[in-house]
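Chemist: My structure is below; once you've seen it, I'll send some questions.
The values are calculated or read from the model by the stated rules, or taken from the named source; none is laboratory data. Quantities reported herein were computed from a predicted structural model and do not represent experimental measurements. Positions of Cβ are generated from backbone atoms using ideal geometry, with glycine treated the same way; all protein chains shown enter the neighbour counts. Protein only, heavy atoms only, side chains kept; ligands, DNA and RNA dropped before computing areas. Shrake-Rupley method; radii C 1.70, N 1.55, O 1.52, S 1.80 Å.
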Amino acid sequence: MEYVLGVDIGTGSVKAVAVDLKCQSFADNQLYYSYNAPKPGYHEQDPEQIWGAFKTCIEGIVAKTGTPPLAISLSSAMHSLIAVDADGNALAPMITWADSRSAGIAKQLRQTERGMAIYKATGTPLHAMSPLCKIIWIKENNPELFSKTYKFISIKEYIWHKLFKEFELDESNASCTGLFDIEKFVWYDDALNLAGVTSESLSKTVATDYVRNYTGGSKAGLNFLKPNIPFIIGASDGCLANLGSMADRPGIAAITIGTSGAVRVASNKALPNTVAMTFSYILNRGTYICGGPINNGGIALQWWLKTNNPNPADSDYEHFFNQVAAIPAGSNGLLFLPYLTGERAPIWDSESCGTFFHVKLQHTQAHFSRAVLEGICYALKDVLDAVQQNAEPITQINISGGIVKSNLWIQTLADITGKKLVVVQSDDASAVGAAFVALKSIGAIEEYPSSNFGDLEVFEPDAGNDAVYSDSFVIYKQLYRDLKETMHKVAVIS
């Protein structure tokens with residue numbers, strides 16, 4: 001069977017999805033890798049380990065399908081940073097998006113006019129995840145590494161250099177750095193000046209459909225591929241998740257829930273929001289993907305399960321959802337702020353914390369379970385409302401990630417957002433989106449698909465729950481405003 005391969009280089013794993021010429025996925029392969037946290041706030045990985053997993057993952061899917069792909073397109077996690085020498089060798093471990101060592105720098109920037117001007121120009125929130133803040137941190141705290149660095153690159157650039165010995169970066173991942181002008185499509189001078197670097201310290205930027213033919217053969221360990229196979233540089237995982245979820249058109253949002261979560265909507269222009277600091281990243285020259293990430297998606301649910309069983313099994317998840325189903329919408333007034341790991345959009349507060357509110361004798365473990373699930377959904381609605389302030393009206397949300405395994409979770413999110421939810425992709429949406437880019441690049445399709453051609457699962461909001469969720473959401477938002485100062489005081493002494 002003829003097919004293309006979309007490969008998503010994530011923070012926890014690399015996943016390859018095979019997609020045929022009719023845009024249908026039919027095989028996948030996934031390899032996991034670890035991270036290191038040598039100090040509080042640090043989150044590092046070995047890029048060589050990821051490169052090895054990348055090669056092995058592709059080899060595995062070729063073995064599964066029995067034939068090499070026609071083309072390979074790449075998706076990658078955003079916001080990683082690797083200091084490398086002129087030969088592309090890492091001079092230090094890779095810093096991932098989850099690393100918070102530069103949180104103080106980001107906080108200071110958010111309080112300045114210069115910082116907000118950089119946010120508006122680059123579309124990247126001022127947060128520790130931003131490579132801009134990471135580079136400033138290295139400059140201030142590790143000047144020896146800063147001075148030795150030939151280029152600051154991401155994990156995709158690291159792998160691309162392994163393949164082609166060129167420092168090149170797609171405009172999509174460039175737009176996630178806090179260093180790239182998202183309207184002029186060039187590195188942004190004031191951000192470079194602030195970081196103490198020049199454009200020579202960064203890769204050459206190229207369009208997301210940029211192609212190079214791989215001729216490395218056995219030299220890079222990919223001799224199982226056909227000669228001169230085209231590699232398409234692709235885009236970031238968030239932007240490609242919209243494409244893979246068929247949410248690359250205005251009016252249709254995408255929500256992904258994994259360990260964390262995100263709300264994203266396509267737009268023909270950037271949609272800055274200086275209060276909620278939503279992002280505006282580039283999918284291609286005609287499309288921005290705008291939205292906001294939350295820290296506490298599936299990780300909040302996992303935390304709650306582990307409070308009852310340190311090693312939850314599938315039966316524990318089943319019991320959890322059975323508990324939730326037995327409790328009415330609104331959890332009889334019990335509310336949960338899910339900020340267990342701080343929060344990104346729309347509050348951008350690393351010192352916020354998880355909170356149960358209005359706990360009464362009537363509340364059982366089942367009530368707490370439902371409140372946790374509803375709290376995650378309220379957090380997503382909070383971001384959705386911020387995105388909708390500048391976007392076209394959103395009439396439908398296409399969903400992907402761990403949420404698709406639970407109809408109850410999907411229905412709860414539909415009720416809280418008041419939107420129609422559609423399950424459009426069970427496979428990794430980012431890898432599928434990358435595969436779509438490959439299909440268009442080789443001429444197999446003229447336009448990206450608007451559905452996955454199957455029977456779509458649709459969840460309409462239950463009007464009977466609208467009043468309780470509307471009232472509860474107002475209190476949910478007020479809770480953070482009322483508790484913010486206290487949260488920050490506790491963060492200092494804890």
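Chemist: Would you work out the Kirkwood radius for segment 83-216? I mean one over the mean of 1/r across all pairs of different Cα atoms, in Å. Could the numbers behind the result be given before it?
Modeler: Numbers: mean 1/r = 0.0662 Å⁻¹.
Kirkwood radius, segment 83-216: 15.1 Å.
Chemist: At a Förster distance of 22 Å, what's the computed FRET efficiency of Ala37 paired with Gln108, Cβ-Cβ distance as r, to 0.05? Working shown, then result.
Modeler: Details: r = 24 Å, r/R0 = 1.09.
Computed FRET efficiency for Ala37 and Gln108 comes out at 0.35.
Chemist: Calculate, axis by axis, the spread of Cα positions in segment 19-162 along the three principal axes, and write the results as whole Å, longest axis first.
Modeler: 55, 31, 29
Chemist: Taking the Cβ of Asn296 as the center, what net charge do the other residues with Cβ under 11 Å away carry, scoring Lys and Arg +1 and Asp and Glu -1? Write down the numbers at each step before the final one.
Modeler: Numbers: positive: Arg344; negative: Glu343.
So the environment of Asn296 carries a net charge of 0.
Chemist: Further, regarding this structure: With a Cα-only, solvent-free Debye model of the chain, what are the log10 I(q)/I(0) values at q = 0.10, 0.12 Å⁻¹?
Modeler: -0.74, -1.08
Chemist: Related question: With 23 Å as the limit, write out which pairs from Lys184/Lys204; Lys381/Lys405; Lys55/Lys134 have Cα-Cα distances beyond it, or answer none. Let's see the in-between values first.
Modeler: On the way: Lys184/Lys204 14 Å; Lys381/Lys405 20 Å; Lys55/Lys134 28 Å.
Checking Cα-Cα distances, Lys55/Lys134 exceed 23 Å.
Chemist: Go through Leu70, Leu340, Leu179 and list them by solvent-accessible area, largest first, probe radius 1.4 Å.
Modeler: Values: Leu70 45, Leu340 65, Leu179 5 Å².
So the residues, ranked largest to smallest area, are Leu340, Leu70, Leu179.
Chemist: Are there trypsin sites (Lys or Arg not before Pro) in segment 1-83 that DSSP puts in a loop and that have at most 12 other Cβ atoms within 10 Å, and which ones? It would help to have the intermediate numbers written out before the result.
Modeler: Numbers: sites: Lys15, Lys22, Lys55, Lys64; in loops: Lys22.
Counting only loop positions with at most 12 other Cβ atoms within 10 Å, the trypsin sites (Lys or Arg not before Pro) in segment 1-83 are Lys22.
Chemist: Taking the Cβ-Cβ separation of Lys489 and Asn89 as r and a Förster radius of 45 Å, what is the calculated FRET efficiency to the nearest 0.05? Please list the in-between numbers first.
Modeler: Values: r = 45 Å, r/R0 = 1.00.
Once the sixth-power term is evaluated, E becomes 0.50.
Chemist: Could you pull out the pairs from Lys15/Lys226; Lys64/Lys165; Lys120/Lys162 whose alpha carbons sit more than 23 Å apart here? Walk me through the numbers on the way to the answer.
Modeler: On the way: Lys15/Lys226 20 Å; Lys64/Lys165 29 Å; Lys120/Lys162 33 Å.
As for pairs spanning more than 23 Å Cα to Cα, those are Lys64/Lys165; Lys120/Lys162.
Chemist: Keeping all protein chains in position, work out how much accessible area Val211 exposes to a 1.4 Å probe, and write it in Å² to the nearest 10.
Modeler: 60 Å²
Chemist: Compute the separation of the alpha-carbon centres of segment 32-79 and segment 366-398 and state it in Å as a whole number.
Modeler: 31 Å
Chemist: Project the alpha carbons of segment 247-298 onto their principal axes and report the range along each, largest first, in whole Å.
Modeler: That gives 32, 24, 17 Å along the principal axes, largest extent first.
Chemist: Would you mind estimating how fast segment 244-358 diffuses translationally, via Stokes-Einstein at 20 °C and 1.002 mPa s with the Kirkwood radius over Cα pairs, in µm²/s?
Modeler: Numbers: Rh = 16.3 Å.
Translational D for this selection: 131 µm²/s.
Chemist: Right, next: Normalised by the residues of the chain, what does the relative contact order come to in percent, with Cα pairs under 8 Å and at least six apart?
Modeler: Numbers: 1083 pairs, mean separation 77.5, N = 494.
Contact order relative to length: 16 percent.
Chemist: Restricting to segment 308-421, what percent of DSSP beta bridges are antiparallel, rounded to 5?
Modeler: Details: 5 of 8 bridges.
Of the beta bridges lying entirely in segment 308-421, close to 60 percent run antiparallel.
Chemist: Provide Trp303, Trp137, Trp409 ordered by accessible surface of protein heavy atoms (probe 1.4 Å), highest first.
Modeler: Working: Trp303 95, Trp137 40, Trp409 15 Å².
Result of the area sort, largest leading: Trp303, Trp137, Trp409.
Chemist: Further question on the same structure: Give the accessible surface of segment 1-81 per residue, rounded to a whole number of Å², with probe radius 1.4 Å and ligands, DNA and RNA excluded. Mind dumping the intermediate values first?
Modeler: On the way: 3160 Å² over 81 residues.
Value returned for segment 1-81: 39 Å² of accessible area per residue.
Chemist: Working with all protein chains in place, sort Cys353, Cys57 by solvent-accessible area computed with a 1.4 Å probe, largest first. List each step's numbers first, then the result.
Modeler: On the way: Cys353 50, Cys57 0 Å².
Solvent-accessible surface, decreasing: Cys353, Cys57.
Chemist: If you stretched the chain out fully between Asp189 and Glu48, how much longer would it get, using 0.36 nm times the residue separation minus the C-alpha to C-alpha distance? Display every interim value, and only then the final one.
Modeler: Working: separation 141, 0.36 × 141 = 50.76 nm, distance 3.13 nm.
Here the answer is 47.6 nm.
Chemist: Excluding Gly12 itself, calculate the net charge of residues whose Cβ lies under 14 Å from the Cβ of Gly12, where each Lys or Arg counts +1 and each Asp or Glu counts -1.
Modeler: Numbers: positive: Lys15; negative: Asp8, Glu44, Asp46, Asp237, Asp428.
Result for the neighbourhood of Gly12: -4.
Chemist: Next question. Checking the cross-link filter: which lysines have an alpha carbon closer than 20 Å to that of Lys489, excluding same-chain neighbours under 8 positions apart?
Modeler: Reachable lysines: Lys107, Lys477.
Chemist: Once you have the Cα-Cα distance between Thr56 and Ala467, take 0.36 nm times their residue separation minus that, and quote the gain in nm to one decimal.
Modeler: Details: separation 411, 0.36 × 411 = 147.96 nm, distance 5.16 nm.
Full extension from Thr56 to Ala467 adds 142.8 nm.
Chemist: So what are the ³J(HN,Hα) numbers for segment 481-489, from phi and the Karplus equation (6.51, -1.76, 1.60; θ = phi - 60°), rounded to whole Hz, Gly and Pro as x?
Modeler: Calculated HN-Hα couplings, in order: 4, 6, 9, 3, 4, 5, 4, 5, 5 Hz.
Chemist: What does a probe at Ala313 reach in segment 389-405, counting residues whose amide N is under 15 Å from the point 7 Å along Cα→Cβ?
Modeler: In segment 389-405, the label zone of Ala313 (backbone N under 15 Å from the point 7 Å along Cα→Cβ) covers no residue.
Chemist: Right, another one. Hey, what does the equivalent ellipsoid look like for segment 455-494, semi-axes from the Cα gyration tensor as sqrt of 5 times each eigenvalue, largest first, whole Å?
Modeler: Over the Cα atoms of segment 455-494, the semi-axes work out to 35, 15, 5 Å.
Chemist: May I pose another question? Within a Cβ distance under 9 Å of Ser236, other residues only, what is the Lys/Arg minus Asp/Glu net charge?
Modeler: So the surrounding residues net to -1.
Chemist: Considering all alpha-carbon pairs of segment 105-157, what whole percent are spaced by more than 12 angstrom?
Modeler: Numbers: 929 of 1378 pairs.
More than 12 Å apart: 67 percent of the Cα pairs in segment 105-157.
Chemist: Does a label point 7 Å from the Cα of Gln365, set along Cα-to-beta-carbon, have any residues of segment 299-317 with amide nitrogen under 14 Å, and which are they?
Modeler: Residues 304-313, 315-317 qualify, since their backbone N sits under 14 Å from the label point.
Chemist: What is the percent carbon and sulfur in the accessible area of segment 80-183, measuring with a 1.4 Å probe over the protein chains and ignoring ligands? Display every interim value, and only then the final one.
Modeler: Details: 1630 of 3550 Å².
Answer for segment 80-183 is 46 percent, counting heavy atoms of protein chains only.
Chemist: Also, quick follow-up: For Glu200 and Asn142, compute 0.36 nm times the residue count separating them, minus their Cα-Cα distance, and round to one decimal in nm.
Modeler: Gain on stretching Glu200 to Asn142: 18.9 nm.
Chemist: Using only Cα atoms and rounding to the nearest 10 degrees, what angle (0 to 90) does helix 113-122 make with the longest principal axis of the chain?
Modeler: 60 degrees
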